[in-house]
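The values are calculated or read from the model by the stated rules, or taken from the named source; none is laboratory data. Computed from a predicted model, the values in this text were never measured in an experiment. Cβ placement follows ideal geometry from the backbone for every residue including glycine, while neighbour counts extend to all protein chains displayed.
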């Protein structure tokens, strides 16, 4: 009568601290350059070595430029942070995929695609989008830098056990509706704090029918509902995806792992602290109109009336929108395809399928940023680069890029950006930037028309 | 850092906005530091709300209003949502806040505050609303946050509320201990777990 979450969590409990948190063993720690330097500095100050260095993988992704990665990073502060990660990895004996390394990319794209993220694991990273890895049937969640230091020092973390929630989405997704739209729809219903304190398991036929890439997108956005993490029970889709990947178990080890992974599902009589159900048929392509990801609507709908809070007014004021307005036909300036949310091969396939035979609108600046070098290679292998080039798009080099604009991919103040990333917070894509979150299909439609467009018009 | 926590009585800085995300608390461009310089992060707390794009002070923002000050930040519900950046907690601590009061905190940020000896105090919606009203009526009114007793008192109304914190973390805050001290002292248990789960 256990949930999937319970099974994995319980299997990793080292001890229950009296009247306190759980000491949880961590199978995999991912480190990027932004949230780890102070943790390594803390280790040095305490004179500690990493307890289990082989469990830890490091790669820079937030600061990396999306061009000329073979040359030194121009911004000296970004360069220092990327260099610091390389030095820390070397000093502490950790795996490190540096810039231009063929295995480099956004940490949440690289983990699954290399077979480093596996079902049944506990996974943490100093990054809220660590929830992404839950798509593989893992308990994965974002942590702070002090907690990164805990894992470096002991391979454990002290955490309060979250409550469990199951979100079931039954039915078939309509034309032009993607995993991204599912997530934006859920957030619009549940708000950005609707799942705070919970670990979510996504279930139902609409989730089962998603590809691995789609599930990664869905779980990626769990944190935007406030959830500690999100997960999908591993199944044939998961096993098929993992098999043969570089770090995945092989031979006998594979058979043994597979037998275990097949036990990783919530029991039929499992009890969740909360159950939520949605109907896939109610979801249409989504777009956000405000400054948190829960402020989203169907692309043909109107911005709702103010809820009377100062936050709502501030938000619409920042975006330059008014309540009651429909966004269709509204001129946009930038399109961003990428991020740990939508920087995978399927996202590039979707974008390319829609722009094929069309041309990018002249006034639109489009940044297409693969999530990793592996995605980049696959884009070229499948000839998607040619389709995109013919339509007037160029492919940049991998990294987090304009999702949070820590490199030089910044949307200028006041400009509108249709973005496949995960956050539309004020200034997220650059000071004053106005972000509209959407799927790769909706972003593609906007890129060729230059205005907010229902992607179904091109399908 | 590691400042022992006991009873704090202070005036408050009100921020009656909901869903204040960590990108607002400290924008991403200030995350490039490789050291924990709390002053640097504190100086850039709420940077894009405190300053206009041209760098001039936004006098409408509460941190720039000399009427308000103190060690207690009072914020609308769902404080600290979004990014896991601990820099947000460093910025709050670096600015000089030791307590953040709200009716609801995002999970990761709440842990980050605790790990930096900033106490997140969760109060009821009603208590929070009344607190904002009291501060509005008299910016000099004080609030007492009593960690040993786990109570928060609005001294303008005299009303108190109990707040939750687990006994372990309370002990850490009151004694200036952190989780790494605890974990490193437990390595035999970790090795035993590893051996048992092979």
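For this structure, a couple of remarks:
- Residues in the stretch A:417-459 that are in contact with a strand residue (DSSP E or B) (Cβ under 7 Å, 6 or more places away or on another chain) and part of a helix (DSSP H, G or I): A:440, A:442, A:443, A:446, A:447.
- Residue selection: residue A:94 fails the criterion of being away from chain B (no Cβ under 11 Å), touching a strand residue (DSSP E or B) at 6+ places or on another chain (Cβ under 9 Å) and closer than 21 Å to residue B:114 by Cβ.
- Any hit, the stretch B:128-135, residues being within 14 Å of chain A (Cβ to nearest Cβ), within 30 Å of residue A:27 (Cβ to Cβ), touching a residue at least 40 places away in the same chain (Cβ under 8 Å) and within 20 Å of the chain's Cα centre (by Cα): no
- Here residue B:107 meets each of (1) under 27 Å from residue A:422 (Cβ atoms); (2) in contact (Cβ under 8 Å) with a residue 12 or more places away in the chain; (3) buried (at least 22 other Cβ atoms within 10 Å of the Cβ) with one exception, condition (2).
- From A:62, A:12, residue being in contact (Cβ under 8 Å) with a residue 60 or more places away in the chain and farther than 26 Å from residue A:403 by Cβ: A:12
- Any hit, the stretch A:172-189, residues being part of a loop (DSSP other than H, G, I, E, B), surrounded by 22 or more Cβ atoms within 10 Å (Cβ to Cβ) and within 14 Å of another protein chain (Cβ to nearest Cβ): no
- Scanning the stretch B:4-25 for residues that are away from every other protein chain (no Cβ under 11 Å) and modelled with pLDDT of 95 or more, we see that the one that is surrounded by the fewest Cβ atoms within 10 Å (Cβ to Cβ) is B:7.
- Selection within the stretch A:322-354 - in a loop (DSSP other than H, G, I, E, B) and touching a strand residue (DSSP E or B) at 6+ places or on another chain (Cβ under 9 Å): A:323, A:324, A:325, A:327, A:328, A:329, A:330, A:332, A:333, A:338, A:343, A:344
- Looking only at the stretch B:171-198, residues that are over 28 Å from the mean Cα position of the chain (by Cα) and either facing chain A (nearest Cβ under 9 Å) or not in a helix (DSSP H, G or I) (or both) come to 9 in all.
- Filtering A:70, A:10, A:54 for residues that are surrounded by fewer than 16 Cβ atoms within 10 Å (Cβ to Cβ), modelled with pLDDT of 95 or more, over 25 Å from the mean Cα position of the chain (by Cα) and more than 29 Å from residue B:167 (Cβ to Cβ) leaves a single hit, A:70.
- Residue list for the stretch A:125-135, restricted to those being touching a strand residue (DSSP E or B) at 6+ places or on another chain (Cβ under 6 Å) and either under 24 Å from residue A:260 (Cα atoms) or in a strand (DSSP E or B) (or both): A:125, A:130, A:131, A:133, A:134
- Some residue of the stretch B:65-74 being surrounded by fewer than 21 Cβ atoms within 10 Å (Cβ to Cβ), without any contact (Cβ under 8 Å) to a residue 40 or more places away in the chain and part of a helix (DSSP H, G or I): no
- Matching residues, the stretch A:355-406, being within 14 Å of chain B (Cβ to nearest Cβ) and either touching a strand residue (DSSP E or B) at 6+ places or on another chain (Cβ under 6 Å) or modelled with pLDDT under 95 (or both): A:402
- Residues in the stretch B:31-49 that are facing chain A (nearest Cβ under 10 Å) and not in a loop (DSSP other than H, G, I, E, B): B:47, B:48, B:49.
- Residue match in the stretch B:112-127 (condition: at pLDDT 95 or above and within 20 Å of residue A:426 (Cβ to Cβ)): no
- Qualifying residue in the stretch B:148-168 (condition: modelled with pLDDT under 95 and in contact with a strand residue (DSSP E or B) (Cβ under 6 Å, 6 or more places away or on another chain)): no
- Test: residue in the stretch A:299-318 that is in contact (Cβ under 8 Å) with a residue 24 or more places away in the chain, within 17 Å of residue A:456 (Cα to Cα), out of contact with any strand residue (DSSP E or B) (no Cβ under 6 Å at 6 or more places or on another chain) and surrounded by fewer than 15 Cβ atoms within 10 Å (Cβ to Cβ): yes
Residue-by-condition table, conditions (1) surrounded by fewer than 21 Cβ atoms within 10 Å (Cβ to Cβ); (2) under 26 Å from residue A:320 (Cβ atoms); (3) within 22 Å of the chain's Cα centre (by Cα):
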{"residue": "A:345", "(1), (2), (3)": "no, no, yes"}
{"residue": "A:359", "(1), (2), (3)": "yes, no, no"}
{"residue": "A:366", "(1), (2), (3)": "no, yes, yes"}
{"residue": "A:383", "(1), (2), (3)": "yes, no, no"}
{"residue": "A:393", "(1), (2), (3)": "no, no, no"}
{"residue": "A:397", "(1), (2), (3)": "yes, no, yes"}
{"residue": "A:404", "(1), (2), (3)": "no, yes, yes"}
{"residue": "A:418", "(1), (2), (3)": "no, yes, yes"}
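- Hey, residue A:100 more than 15 Å from the chain's Cα centre (by Cα), without any contact (Cβ under 8 Å) to a residue 40 or more places away in the chain, closer than 29 Å to residue B:182 by Cβ and in the same structural domain as residue A:195 (by TED's automatic domain parsing) or not: no
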